[in-house]
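S.K.: A single structure is presented below for examination.
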Amino acid sequence: MKRQTTTLSRRQFVRTTASAGLAWSIPATVLKALKKETVKIGIITDLHQDLVPDGYERLFAFMTDMKKAKPDALLQMGDFAYPGDKNKKVIDLFKDAHPKTLHVIGNHDTDSGYTKQQCIDYWGMPGRYYTYLLNGIRLLVLDGNDKGSPVDKKGYPAYIGPEQLAWLKEQLEMRKEPLIIVSHQPLAGSGAVDNAAEIQALLEKHRNKILLAINGHTHIDAHYHLNGVHYVHINSASYYWMGEKYKHAIYDPSIHKQYPYLSYTCPYKDALFTVLTINPVKGRVHIRGKSSQWEGKSPEALNYQNSAMLHLGKEIVPGISEIQW
């Protein structure tokens, strides 16, 4: 699969096609600030341990791959596993796999009465949003679950509130290192936070030191280049969410009884994850691809329709695709 990425103005912002690795040139101003060694981050997102029967196995596949990839840190970008003893085995598998493990709070991590503070405490986070310096690259990790959005929407919050926005602005202004912006909810494209335009305008001012903004949440494979900033949606480790309208049997009835929301999804046969590599010698950023297949009926077979202008076989795919330019 090949994907072409479109460079867009804010008025012309539309989706790009999807692909299996992702590489682009690092801006010269950012390149000068980088150390000479290559930096690699192993990334997994939207495991949804509490909604799928094989979360541990999917995470184990990620860990097995990471032993070969030897990244400098591991990052999970939210909707991981409820922060409690019922998920200790899964959480410990991630925490114990590397000396540097980073977390992002997803909107579903606080379902069933769990709290952000439990995520912080149980996962071992420095805070709900924070910075992390990794081999000369500064990660700014956001919490997209703020309440108080002026846009009245039903469902889960998707918003960066005033306090956090002021913090982000301060960080962007004061930090000299190359930056990666990390969030669960996207800052651009499908499913973006309510104040995405405001955040995009802020990031645009500092685009000369931003390597990329990266997110999970959408369970799609997409990349947007908007006014000098790259925004990348990393696909879910587990499935694409279809909704109750497309409820269908995938596994044995006993499994569906234990995991009732599973029938609203189209699972991937294999776990999806990636490695983000920053190579200052070559002056390149690369996101490795991974392909799988649908488990059971595909969205195409279910005649899936959506209102977000997402395309079957492009953004909605069982894979993390590749692009080169």
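S.K.: Any chance you could run the full-extension gain for LYS245 through GLU57? It's 0.36 nm times the residue separation minus the Cα-Cα distance, nm to one decimal. Walk me through the numbers before you get to the answer.
M.R.: Working: separation 188, 0.36 × 188 = 67.68 nm, distance 2.84 nm.
Value of the extension gain: 64.8 nm.
S.K.: Which trypsin sites (Lys or Arg not before Pro) from the stretch 113-145 combine a DSSP loop assignment with at most 12 other Cβ atoms within 10 Å?
M.R.: Working: sites: LYS116, ARG128, ARG138; in loops: ARG128.
Here no trypsin sites (Lys or Arg not before Pro) fit, given the DSSP loop and packing criteria.
S.K.: Provide the packing ranking of 82-90, 310-318, i.e. peptides ordered by the mean count of other C-beta atoms within 10 Å per residue, highest first.
M.R.: Result, highest mean Cβ count within 10 Å first: 310-318, 82-90.
S.K.: Between ASN227 and LYS95, how many nm apart are label points set 7 Å from Cα along the C-beta direction?
M.R.: 4.1
S.K.: Further question on the same structure: Can you give the extra length, in nm with one decimal, that the chain gains between ASN303 and ASP152 once fully stretched, where that is 0.36 nm per residue apart less the Cα-Cα distance? Numbers along the way, then the final one.
M.R.: On the way: separation 151, 0.36 × 151 = 54.36 nm, distance 3.07 nm.
Taking 0.36 nm per residue and subtracting the Cα distance, the gain is 51.3 nm.
S.K.: Aspartates and glutamates within cross-link reach of LYS169: Cα-Cα under 12 Å, excluding same-chain residues under 8 positions apart?
M.R.: By straight Cα distance, LYS169 reaches GLU198, GLU204.
S.K.: Working out 0.36 nm times the residue gap between GLN117 and GLN258, then minus their Cα-Cα distance, what length gain in nm do you get to one decimal? Spell out each step's value before the answer.
M.R.: Numbers: separation 141, 0.36 × 141 = 50.76 nm, distance 2.75 nm.
Gain in length upon complete extension: 48.0 nm.
S.K.: Further question: Before anything else, pin down the relative contact order of the stretch 95-253: Cα pairs under 8 Å, at least 6 apart, normalised by residue count, whole percent.
M.R.: This gives 16 percent for the stretch 95-253.
S.K.: So for the stretch 190-312, what percent of the C-alpha to C-alpha distances run longer than 22 Å? Don't skip to the end; give the middle numbers.
M.R.: Details: 3591 of 7503 pairs.
Everything past 22 Å amounts to 48 percent.
S.K.: Taking a ≥ b ≥ c as the square roots of the eigenvalues of the Cα gyration tensor of the chain, is the shape rounded (a/c under 1.5), prolate (a/b larger than b/c) or oblate?
M.R.: Details: a/c = 1.37, a/b = 1.30, b/c = 1.05.
Because its axes are fairly even, with a/c under 1.5, the chain counts as rounded.
S.K.: Let me make sure I get this right: for the stretch 55-142, a, b and c are the square roots of the gyration tensor eigenvalues over alpha carbons, sorted descending. Under 1.5 in a/c it's rounded, otherwise prolate if a/b > b/c, else oblate. Which is it? The partial results should precede the final answer.
M.R.: Details: a/c = 2.15, a/b = 1.14, b/c = 1.88.
Verdict is oblate for the stretch 55-142.
S.K.: Could you compute Rg(Cα) / (2.2 N^0.38 Å) for the stretch 179-249, with N its residue count?
M.R.: Numbers: Rg = 13.9 Å, N = 71, 2.2 N^0.38 = 11.1 Å.
It is 1.25.
Throughout, read-outs are computed from the coordinates displayed, never taken from laboratory work. As the structure is a prediction and not an experimental result, all values here were calculated from the model. Note that we place each Cβ from the backbone using ideal geometry, even for glycine, and neighbour counts take in every protein chain shown.
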